[in-house]
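Okay, structure first, notes after.
The values are calculated or read from the model by the stated rules, or taken from the named source; none is laboratory data. Quick caveat, the model's predicted, so the values are computed rather than measured. Virtual Cβ from ideal backbone geometry, glycine too; neighbours counted across all protein chains shown. Just the protein is used for accessible areas: all its heavy atoms, side chains included, with ligands, DNA and RNA removed. Shrake-Rupley method; radii C 1.70, N 1.55, O 1.52, S 1.80 Å.
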Amino acid sequence: MTLHNFTVTQLRTAAICPRIHYFDFERARREGLASPRPTLVWLPGGEAQAGGGALFHRVVEKFNSKASRSPEIQKALDESEGAEALRQAFLRFANTQCIDLQKLATRSVPLRQALTTTLHAYFAELAEMVNYALSRGTSTTEVKEQIFGDRRQRVDVTFRVGDGDEAHVTGALDYVFYDWRTSSHRIVDYKLIPPDHQNKDLFQVCAYALMHHHQHGTEPSACVFYLFPKRKMAEMKWPQVYAERNKVYTHLASMVAWSKYDEGTNQGLKPRGNPIWCAGCKWNKNGECERRLGPKHEGGFDTRWEDLASRSGAGPTVQVRAPSPKSAERDDSDDEALDAELNRADPPRSTSSIPTAPRPSAPAIPQPTPESTPASSRDPEIPAGLYLGRVRPDGTAAVLPPSVIKTHIAVVGAAGSGKTWAAKCLVEEAILAGVPVLAIDPQGDLVQFLRGREPDAFSGPDQQRQLDYLTKVEPRIWTPGTSHASRLSLDPIRLPTDGDLARIEKPERRVEERDSMLQAIAGNLVSLAAIGGEEDSQRTFLYLILDALRGRANLTLSEVVAAISAADELALPHDPDQILKKSEREKLARKLTAFVIGPGKNLFSGGTPLDLDHFITPKTPGKIPLNVVYLNALADDDQKHFFLAALASEIYRWMVTTLDATSDRPNLLFYIDEARDYIPAGGRKPAAKEPLIRLFTQGRKYGVGCLLCTQSPRSVDYNVFGNCSTKIVGRMEAEQDVERIADWFTTSGPRPEWVPARKGADKGTFVARFPDMPSTLEGRAFTSRLLYSIHEGAWSPDRVEREVDAVGRADQTSPQ
């Protein structure tokens with residue numbers, strides 16, 4: 001029998017990314033090390049979170065060590081006046097006895113704020129639990145021993161996981177205590193990160209719970225408590241932990257198999273990579289990971305235990321050993337950097353109040369055979385197409401044909417209905433279909449395409465599709481006018497040249513398109529200047545200026561301003577004074593000059609010029625670009641409207657002058673979130689309205705599909721909805737919105753029976769209508785599938801900058 005030794009830290013590393021586990025093991029084998037040194041890895045921006053998390057744990061460990069013998073805490077327990085009084089007492093003690101406030105003051109403001117918020121949340125929960133125990137008559141001695149004693153329980157457990165192989169796991173677990181409110185033990189992992197990867201985080205704690213059960217005879221629940229930036233708890237009770245124990249056995253068996261893999265001969269089980277962690281992983285530098293082991297999606301798991309469990313419910317033989325100080329030694333490498341911030345905690349006590357009575361070993365079972373049916377084969381298949389979710393209860397897949405991209409899609413739903421989630425599913429499906437995406441993000445929801453969701457949230461075909469998506473997508477974040485991400489500039493202004501228009505056969509159509517493009521640019525500049533007065537005359541004047549400068553394909557704004565000031569010297573077809581009096585021309589020039597040398601120059605200086613060919617061309621061959629233009633870093637709404645107007649005009653120029661109008665394949669998906677702000681219904685005409693409407697009316701001819709999201713079908717110009725052949729309807733709240741939706745469909749037939757039920761429908765459910773829709777989906781509500789990327793609260797400009805800096809600018813090669 002071969003014994004394979006692992007630590008709890010290595011178990012966690014392998015759960016994060018199997019390839020990191022393999023590289024650590026292979027390096028130790030090559031260098032003759034006694035044991036692998038686990039690689040530390042963070043998500044983008046996670047280094048700061050790791051520092052804050054380690055700081056929090058150091059404070060709590062010091063608090064527990066000192067509180068157990070503190071007269072101040074004893075007095076608070078003896079004279080308890082409720083949970084709030086206990087919370088205040090705990091906080092006072094932590095501030096005065098456990099934190100070096102002078103050293104903490106030297107740390108960054110965000111870290112100090114995070115620590116303060118986290119400690120308040122932690123001590124509030126602790127106070128509630130202690131107050132409950134005291135109110136039930138539990139002695140203060142027992143409370144102190146259970147709450148403030150050494151909670152780092154030793155584990156030393158051996159699992160027989162295969163023919164001749166045993167996985168021997170040793171280590172120490174933090175925060176194991178008895179919770180009187182649930183009358184059970186809990187193993188808790190406190191985290192100072194968003195709850196983006198709950199399944200992965202909870203799986204690790206479940207593994208700890210199972211080991212603690214075998215070592216100490218407990219039946220603990222597994223709990224992940226997210227304390228910052230928002231408070232949330234994910235928990236799995238012991239019966240569920242035990243019922244799903246074969247997932248842990250599968251993980252251990254896979255760790256053994258990965259450790260034995262030979263990359264030179266490609267013999268054994270190759271570990272699969274997890275692209276989520278690539279940005280913070282040293283093994284991903286200079287392409288080492290894929291150079292040695294191939295594409296990250298290659299590899300697998302030893303699923304024999306999980307397959308066998310699906311039939312027998314059994315698990316491997318487990319042996320429990322008395323832990324020795326050496327084998328249970330804790331890896332404190334994460335804490336070394338904290339010595340400068342805090343005084344060292346007093347040495348933890350080596351005793352525990354949790355009984356360590358021996359537990360019977362699980363019965364031995366026959367070894368599983370390779371012919372076991374893979375778990376993924378039991379999952380429903382996903383038909384080809386744009387997969388959005390499933391109809392309940394029969395599980396019919398809601399799949400749209402890729403052709404609907406070209407004919408425009410509208411997603412409507414009240415606030416909180418999940419409409420942006422559904423639209424993001426469509427974006428991911430466009431990437432899988434090989435269609436580049438250009439998405440407009442006004443708030444900070446779409447920039448999250450930069451990071452993929454943890455793969456363990458999926459199974460079967462869904463897991464493979466997510467892996468295909470992560471392998472294919474090339475996300476890029478652009479910020480006009482700022483350097484929070486890859487900066488975009490509106491300089492130079494692209495004018496249509498005769499060469500651009502030569503592909504249009506009819507001469508009169510060439511003239512019409514040229515005039516239309518020049519008029520759009522002139523209108524955008526008039527809206528930017530906003531000098532008031534006769535805007536029609538200003539647009540006509542600027543049109544003549546641009547037409548006179550048309551020989552310059554790339555025109556700077558400063559050249560336009562100079563031409564306005566020298567209009568009398570240009571060979572214009574009409575007298576400038578007859579179109580716009582000189583005082584207004586001078587005023588127009590002065591206002592536009594502010595965008596050349598004044599505070600508004602950010603839009604026209606620095607960064608990458610607008611270039612649609614660049615947007616749709618991948619940096620890495622085989623990838624599909626997903627471009628997100630983040631508007632929330634711009635100074636005001638006027639700049640947002642102007643930039644979007646300029647972008648829409650440039651998309652129009654590009655598609656008319658470069659794309660084949662006879663092709664059936666979509667060339668681009670243009671997605672605009674919160675469309676009502678830019679294409680409002682009624683007579684209001686913000687700068688972007690007309691250029692965007694023109695894209696919706698003309699785009700399908702050139703394979704430029706448009707996707708819009710809005711809360712109310714009454715809030716967006718009716719011309720836009722009239723050009724959307726596919727409509728996806730979520731939960732509605734206003735009766736008038738329901739009536740408007742009914743109007744969409746009654747022009748070609750009777751009112752659909754399902755429309756009234758959309759009022760007050762469940763969140764995340766939608767009904768779709770699209771060309772050639774199968775009868776199996778007619779009027780049937782489907783629930784959105786899980787996104788392959790993360791979806792959390794809107795990212796601020798500073799958050800966007802941190803995330804982009806972590807993965808690199810301009811052309812990120814994979815979502816992290």
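Things worth noting here:
- Solvent-accessible area per residue, Å², over the chain with all protein chains present [probe radius 1.4 Å]: 41
- Inter-part distance where segment 609-635 and segment 514-539 are each reduced to a Cα centre, Å: 27
- Within the chain, helix-based [θ] at 222 nm, where runs of 4 or more DSSP H residues each add -39,500 (n - 2.57), nearest 500: -12000 deg cm²/dmol
- Toward the positive end of the charge dipole of the chain, with +1 on the Cβ of Lys and Arg and -1 on the Cβ of Asp and Glu, the farthest Cα among Pro576, Leu450, Tyr671 is that of Leu450.
- Taken about its Cα centre, the chain carries a charge dipole of roughly 820 debye when the Cβ of each Lys and Arg holds +1 and the Cβ of each Asp and Glu holds -1.
- Backbone phi angles across segment 456-462, fed through the Karplus curve with coefficients 6.51, -1.76 and 1.60 (θ = phi - 60°), yield HN-Hα couplings of 6, 6, 10, 9, x, x, 5 Hz in residue order; Gly and Pro are listed as x.
- Measuring r between the beta carbons of Ser775 and Lys285 and using R0 = 45 Å, the FRET efficiency lands at 0.25.
- Estimated FRET transfer efficiency when R0 is 41 angstrom, pair Lys582-Thr617 (beta carbons, to 0.05): 0.35
- Considering only Ile531, Thr497, Ala548, and ranking their Cα positions along the charge dipole of segment 490-549 that arises from unit charges at the beta-carbon of Lys, Arg, Asp and Glu, the one farthest toward the positive end is Thr497.
- Checking the Cα-Cα distances for Lys62/Lys296; Lys424/Lys685; Lys282/Lys406; Lys191/Lys763; Lys66/Lys232 against a 31 Å cut-off, the pairs over it are Lys62/Lys296; Lys282/Lys406.
- Spatial separation of Cα centroids for segment 145-217 and segment 458-497, in angstrom: 40
- Reducing segment 76-138 and segment 695-751 to their Cα centroids gives an inter-centroid distance of 53 Å.
- Length released on extending from His297 to Glu508, taking residue separation times 0.36 nm less the Cα-Cα span: 70.6 nm
- What a 1.4 Å probe finds exposed on the chain is 49% carbon and sulfur by accessible area, rounded to a whole percent.
- The overall shape of segment 166-283 is oblate: from the C-alpha gyration tensor, with semi-axes ordered a ≥ b ≥ c, the ratio a/c is 1.5 or greater and a/b is no larger than b/c.
- Fully extended contour minus Cα-Cα distance, from Glu72 to Thr96, at 0.36 nm per residue: 7.5 nm
- Ordering Leu126, Thr138, Ser65 by the projection of their Cα atoms onto the charge dipole of the chain, which places +1 on the Cβ of Lys and Arg and -1 on the Cβ of Asp and Glu, puts Thr138 at the extreme positive end.
- Label separation (Ser796 vs Asp515): 5.1 nm, computed from points 7 Å beyond Cα along the C-beta direction.
- When the GluC sites (Glu not before Pro) in segment 457-559 are filtered for DSSP coil states and for at most 11 other beta-carbon atoms within 10 Å of their beta-carbon, the remaining sites are Glu505.
- Sites Gln464 and Tyr242 - FRET efficiency at Förster radius 25 Å, r taken between beta-carbons, to 0.05: 0.30
- Close amide H partners of Asn5, meaning residues 5 or more places away or on another chain with modelled amide H under 5 Å apart, are His168.
- Shape category assigned to segment 67-143 from the gyration tensor of Cα positions, a/c cut at 1.5: prolate
- For segment 179-190, 3J(HN,Hα) per residue [Karplus equation, 6.51 cos²θ - 1.76 cosθ + 1.60, θ = phi - 60°, Hz, x = Gly/Pro]: 9, 5, 5, 10, 6, 7, 6, 10, 10, 10, 10, 8
- Low-density loop cleavage sites - trypsin sites (Lys or Arg not before Pro) in segment 670-704, where at most 10 other Cβ are within 10 Å (DSSP): Arg684
- Label assignment, Cα extents along the principal axes in Å derived from the structure, set (i) 99, 63, 60; (ii) 110, 75, 52; (iii) 148, 69, 56: (i)
- In this label model, Ser108 and Thr497 are separated by 4.6 nm, measuring between points 7 Å along each Cα→Cβ vector.
- Extension gain for Arg550 to Leu3 (0.36 nm times residue separation, less C-alpha to C-alpha distance): 189.2 nm.
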